[in-house]
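Reviewing the structure listed below.
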Amino acid sequence: MEYIRIFILISLLYSCSSGEKDEVLNMNDLTPHANQANAGKKEKSEDNIDYGFSIPMADSSGITVMEIDFMKDPMFPDRFMPDSILKLKMDLKEGQLFYGQWIFADSLKTRNALFNWLDCFGTNCNTIKYLSESRFQNDAMLLFVNDTSIFYISSKINLDEKKWQHYLELKYGINLWKTVIVQRYGQKAIWYSFGKYKEAKKPSFVSLKNE
């Protein structure tokens, strides 16, 4: 009788140990295609970001943009309720620059934003008088202004105003500027207008002087 009980116990232990173990599933193994698809969607969305800036048009104007990204830091013209704001950081073949544009509803708002900015320009809040041969900042800069827009480009590399004027004409169809301010790196600003005088046969940079 004792032998029978031992045999039954051994049989039970053997049947328990020979059962199949539960398989542990890795969720990453179950969804490799889903992960690849999500990665593809992310990469595609980054490639298709609309920065509001045309790299092909810049290239046609002689401006080689290697990389571009948004900049969110606040700037003085932001305060004057423009209809649209665009601020970008760019890597060019020659170096880095900042590109900003502010579009306003009418000329009064544009003028108000510009002259308030000139009263407190840059991090040191420099006061710049209209048409004065002042140094706005140490970096090179371009400032294009018409009735409804202000475009500001700043860099440690010197900027070619004619290339940027060509880009803005291609992009926005603007061929007349009320004010264009050009400043080379570390130098004083020079003020221009477009087609202000009769001797300007076509829209071009005409020097403005404080008379």
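Computed from the coordinates by the stated procedures, all read-outs in this text should not be read as laboratory data. All figures in this text were calculated on a predicted structure; none of them were measured in a lab. In this analysis, Cβ positions are derived from the backbone assuming ideal geometry, glycine residues included, and neighbour counts consider all displayed protein chains.
With the crude spin-label approximation of a point 7 Å out along Cα→Cβ, what separation in nm comes out for Leu86 versus Asp59?
Reported label-point gap for Leu86 and Asp59 is 1.8 nm.
What does the charge dipole of the stretch 56-103 about its Cα centre add up to, to the nearest 20 debye, if the Cβ of each Lys and Arg holds +1 and the Cβ of each Asp and Glu holds -1?
Taking the Cα centre of the stretch 56-103 as origin, the dipole is about 140 debye.
Sort the stretch 52-207 into rounded, prolate or oblate with this rule: let a ≥ b ≥ c be the square roots of the eigenvalues of the Cα gyration tensor; rounded if a/c is under 1.5, and if a/c is not under 1.5, prolate when a/b is larger than b/c, oblate otherwise.
Rounded.
Compute the FRET efficiency between Lys171 and Lys129 as 1/(1 + (r/R0)^6), taking r as their Cβ-Cβ distance and R0 = 41 Å, and round to the nearest 0.05.
Efficiency computed from Cβ-Cβ geometry: 0.85.
Just how large is the dipole of the stretch 94-211 about the Cα centre, in debye to the nearest 20, putting +1 at every Lys and Arg Cβ and -1 at every Asp and Glu Cβ?
The calculation lands at about 240 debye.
Could you put Ser54, Ser149 in order, starting from the residue whose Cβ has the fewest other Cβ atoms within 10 Å?
Ordered from fewest to most neighbouring Cβ atoms within 10 Å, Ser54, Ser149 come out as Ser54, Ser149.
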